[in-house]
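Student: Quick one: the structure is below, and I'll ask about it shortly.
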Amino acid sequence: CAYCIVPMVRGREKSLPPEQVINEIRHRVADGYQEIVLTGTEIGRYSFDGLCLSGLLRRILKETDVKRLRLSSLQPREIDADLIRLGEDPRLCRHFHLALQSGSESVLQRMGRHYSPDDFSFAVGMIRREMPEAAVTTDVIVGFPGETDKEFAETCSFCRNMEFARIHVFPYSPRKGTRAAQMPGQIDNGVKKQRCAEMLCLAGDSLRKFHSRFLGQRQTVL
């Protein structure tokens, strides 16, 4: 979120030249690696000499023998038809990790997030229409300063509707020097623990529903 300390220590984002990325993948494949994960900070904003993330993926799939290619975390507004269309190549893992953090619009605003639950839902809808078997995973923070019972309930309801394949649940913890640490309405640790337990239970139900889609099917695994 905008109040996290990470942007203060990581510096500005840098996009590696595509040739460097491709050569690294070739070397890893030659060493026997079966799956490559493209990761980094804000990978959806990759840009090098006019080449965007979709263009980089297209080059990797064309110019390397990688058997499985996976993306790390993306932002909802970074999901587009061109990116999803690349899933026609079976080597691109049908997995999208979109960090939700909260399903409550008011909490997202306090976090400084540049998307709404509607934006998130629209992105997931695009994925599900074009790639219904895809796993959509997410992160959720419970107990952000000022989070009311109603806002937490909104997050729970939103997560149920999204039917995530996996939800990584984290209790909010204050970090010195961040704006969030100075916000009023800091949540009691006992309340955070209770909300974590409830969200983890919901996550377990969501995971079982996702697994049930594939009963009786034969799948290729790593």
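The values are calculated or read from the model by the stated rules, or taken from the named source; none is laboratory data. Quick caveat, the model's predicted, so the values are computed rather than measured. Reconstructed Cβ throughout: ideal geometry from the backbone, glycine too, with neighbour counts over all protein chains shown. Just so you know, the surface numbers come from the protein's heavy atoms only, side chains and all, with ligands and any DNA or RNA stripped out. Shrake-Rupley method; radii C 1.70, N 1.55, O 1.52, S 1.80 Å.
Student: Could you work out how much longer the chain between MET183 and ALA134 gets when fully extended? Use 0.36 nm per residue separation minus the Cα distance between them, nm to one decimal.
Tutor: Difference between extended and current length: 13.9 nm.
Student: Roll a 1.4 Å probe over the protein chains and send me the accessible area per residue for the chain in Å².
Tutor: 57 Å²
Student: Report, in listed order, any pair from LYS62/LYS209; LYS14/LYS209; LYS14/LYS193; LYS150/LYS209; LYS176/LYS209 with a Cα-Cα distance greater than 32 Å.
Tutor: Over 32 Å apart, Cα to Cα: LYS62/LYS209; LYS14/LYS209; LYS14/LYS193; LYS176/LYS209.
Student: Which three numbers, in whole Å and largest first, are the semi-axes of the equivalent ellipsoid of segment 11-120 derived from its Cα gyration tensor as √(5λ)?
Tutor: Semi-axis lengths for segment 11-120 are 28, 15, 13 Å.
Student: Can you give the accessible area of GLU35, probe radius 1.4 Å, in Å² rounded to 10?
Tutor: GLU35 exposes around 40 Å² with every protein chain in place.
Student: Here's another thing I want to ask about it. Using a 1.4 Å probe over the heavy atoms of the protein chains, calculate the carbon and sulfur portion of the accessible area of the chain as a whole percent.
Tutor: Here it works out to 52 percent.
Student: To check you understand DSSP bridge types, tell me what percent of the beta bridges within segment 16-130 (both residues inside) are antiparallel, rounded to 5.
Tutor: 20 percent
Student: Calculate for the chain the 222 nm mean residue ellipticity that helices alone would give, adding -39,500 (n - 2.57) per DSSP H run of length 4 or more and normalising by residue count, nearest 500 deg cm²/dmol.
Tutor: Mean residue ellipticity, 222 nm, calculated: -13000 deg cm²/dmol.
Student: In debye, nearest 20: dipole of the chain around its Cα centre with unit charges on the Cβ of K, R (+) and D, E (-)?
Tutor: Once rounded to the nearest 20, the dipole reads 400 debye.
Student: Helix 149-162 versus the longest principal axis of the chain: what is the Cα-based angle in degrees, 0 to 90, to the nearest 10?
Tutor: That helix lies at roughly 30 degrees to the long axis.
Student: Still on this structure, I have one more. Give the relative contact order (percent, whole number) for the chain; include only Cα pairs under 8 Å separated by 6+ residues.
Tutor: Dividing the mean separation by the residue count of the chain yields 19 percent.
Student: From the P(r) of segment 68-222, can you give the percent of Cα pairs sitting at distances over 18 Å?
Tutor: 60 percent
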